[in-house]
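Below: one structure, written as structure tokens.
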Amino acid sequence: MHIVQGRLSIETEPREIREITADVARWTEGQRVSVGLLTLYIPHTSASLLIQENASPDVRRDLDAFLRRVVPEDAGLYRHNDEGPDDMPAHIKSALTQTQLSIPVTDGRLQLGTWQGIFLLEHRASPHRRLLVLTLIGEKK
Amino acid sequence: MHIVQGRLSIETEPREIREITADVARWTEGQRVSVGLLTLYIPHTSASLLIQENASPDVRRDLDAFLRRVVPEDAGLYRHNDEGPDDMPAHIKSALTQTQLSIPVTDGRLQLGTWQGIFLLEHRASPHRRLLVLTLIGEKK
Amino acid sequence: MHIVQGRLSIETEPREIREITADVARWTEGQRVSVGLLTLYIPHTSASLLIQENASPDVRRDLDAFLRRVVPEDAGLYRHNDEGPDDMPAHIKSALTQTQLSIPVTDGRLQLGTWQGIFLLEHRASPHRRLLVLTLIGEKK
């Protein structure tokens with residue numbers, strides 16, 4: 001058994017739902033693990049992670065519209081707005097999605113479903129450099 | 001230390017909140033691990049996982065009603081409806097719940113709380129065969 | 001490779017969003033792991049876990065207000081109210097947040113982001129003793 005950590009840096013666009021499956025898969029496959037578990041962790045409070053349907057761009061638009069409807073950028077709703085009207089909604093959208101995802105690895109490859117992609121959600125209205133910490137536990141090939 | 005993977009196949013009813021605790025416990029106990037961590041992963045985008053109260057069937061009804069209220073099947077709200085009015089709501093309900101759950105194992109048994117059960121949520125309006133990937137990391141007894 | 005489990009007991013105030021970062025960090029650092037993965041698990045169905053912004057107390061107030069707005073304590077909405085009007089909302093708030101969190105550990109320390117804290121959310125209107133199960137997998141220093 002073996003454990004290894006890595007980091008990925010992603011430069012996001014404002015309010016982007018960004019697919020990162022290829023970046024994560026490339027790092028994972030480079031570790032040459034036969035059976036394992038990959039854990040992604042995002043050390044931010046206004047960006048988050050999600051496994052989601054990756055075939056249709058409309059899914060991303062609908063997910064974004066849903067999050068804006070449930071967590072509106074209405075200054076009257078929040079006390080915390082140090083960094084603008086998108087500040088507190090970004091924290092709540094992060095709370096409703098994931099800070100961490102663990103995905104099984106078999107024969108060196110992520111066991112994502114046919115329609116699954118890994119997404120980084122940038123909840124802020126400005127671009128950011130976001131960090132991801134990857135931890136892989138498994139048997140070396 | 002030891003890692004093992006398995007699979008479970010579950011045939012769901014339409015919009016079912018299905019308790020799968022017994023299936024997961026049986027597989028886990030068969031691995032004879034003294035201390036470990038079990039990670040469940042569902043490789044689907046319109047079904048998801050949840051730990052929830054398992055004593056009262058009313059909890060399941062109320063949870064289902066809540067999800068329908070927050071994520072209504074209203075075609076006017078979504079662009080993506082390739083597979084019908086339950087298609088995009090199923091993706092959003094999956095986003096609000098879990099694709100993955102990690103549960104501690106002690107003396108070979110899942111350390112669920114007294115009132116906790118593991119549930120598979122079928123968000124589609126038709127029955128499906130759903131796959132679960134189980135990864136157990138731990139010390140053999 | 002090495003796996004160890006521990007437990008923390010936390011006495012909560014009613015509807016408290018309680019930071020537990022220091023308790024979790026102290027236990028983790030005591031294990032002297034060079035590279036690892038810590039998994040927190042809460043064996044309850046009316047209290048939950050969350051990584052959230054920990055600098056501003058307003059964030060906690062806004063998060064609490066958001067959860068009450070989306071999951072109102074309105075008896076007309078729920079069948080399950082065996083333990084009062086806060087009973088079913090507590091289960092739903094738990095479903096929307098986390099039962100489990102996995103956090104990377106490097107040089108013995110949790111790899112939380114600058115603004116991240118670990119929170120235990122008490123969703124009930126009365127104080128409770130809550131248990132946390134910690135599982136740490138990693139390489140000993």
Theoretical ellipticity at 222 nm over chain B - DSSP helices of four or more residues, -39500 (n - 2.57) apiece, nearest 500: -7000 deg cm²/dmol
So which aspartates and glutamates can A:Lys93 reach, going by Cα to Cα under 15 Å and dropping same-chain residues fewer than 8 places off? A:Glu16, A:Asp62, A:Asp64, A:Glu73, A:Asp74, A:Glu122, C:Glu53, C:Asp62, C:Asp64
Three-way shape label, the protein assembly as shown, alpha-carbon gyration tensor, a/c 1.5: rounded
Write down the accessible area per residue of region C:40-98 in Å², having rolled a 1.4 Å probe over the full set of protein chains. 33 Å²
Need one number: the % of Cα-Cα pairs in region A:75-141 sitting beyond the 18 Å mark. 56 percent
Ignoring ligands and nucleic acids, what accessible area does B:Lys140 show with a 1.4 Å probe (Å², nearest 10)? 110 Å²
On the rotation axis linking copies B and C, which residue of B comes nearest by its Cβ, and by how many whole Å? B:Met1, 2
If you plug each phi of region A:12-29 into the Karplus form 6.51 cos²θ - 1.76 cosθ + 1.60 with θ = phi - 60°, what whole-Hz ³J(HN,Hα) values come out, in order, with x for Gly and Pro? 9, 8, x, 6, 8, 9, 9, 6, 10, 4, 5, 4, 5, 5, 4, 4, 5, 5
For A:Thr12 the rounded accessible area (nearest 10 Å², probe 1.4 Å, non-protein molecules ignored) is 10 Å²
I need the inter-copy label distances for A:Asp64: point set 7 Å along Cα to C-beta, values in nm with one decimal, smallest first. 3.4, 3.4
Pairs to check: A:Lys141/B:Lys141; A:Lys141/B:Lys140; B:Lys141/C:Lys141. Give those whose C-alpha atoms are more than 23 Å from each other in this structure. A:Lys141/B:Lys141; B:Lys141/C:Lys141
Over all alpha-carbon pairs of region A:42-114, lay out the pair-distance distribution in 5 Å bins, whole %, shortest bin first. 3, 14, 19, 20, 18, 12, 7, 4, 2, 1, 0
Which whole-number value in Å³ per residue fits the convex hull of the alpha carbons of region B:30-71? 128 Å³
What does the charge dipole of the protein assembly as shown about its Cα centre add up to, to the nearest 20 debye, if the Cβ of each Lys and Arg holds +1 and the Cβ of each Asp and Glu holds -1? 1380 debye
Diffing region C:62-67: the Karplus 3J(HN,Hα) column from phi (6.51, -1.76, 1.60, θ = phi - 60°), in whole Hz with x for Gly and Pro, holds 5, 5, 4, 4, 4, 5
Using a label position 7 Å from Cα in the Cα→Cβ direction, what is the ascending list of nm distances from C:Ser34 to the same site in the other copies? 2.4, 2.4
Column: log10 I(q)/I(0), Debye, Cα scatterers of chain B, q = 0.19, 0.21 Å⁻¹: -1.07, -1.23
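The values are calculated or read from the model by the stated rules, or taken from the named source; none is laboratory data. Quick caveat: nothing in here was measured; it's all calculated off a predicted structure. Please note: Cβ atoms are built from the backbone with ideal geometry, for glycine as well, and neighbour counts cover all protein chains shown. Just the protein is used for accessible areas: all its heavy atoms, side chains included, with ligands, DNA and RNA removed. Shrake-Rupley method; radii C 1.70, N 1.55, O 1.52, S 1.80 Å.
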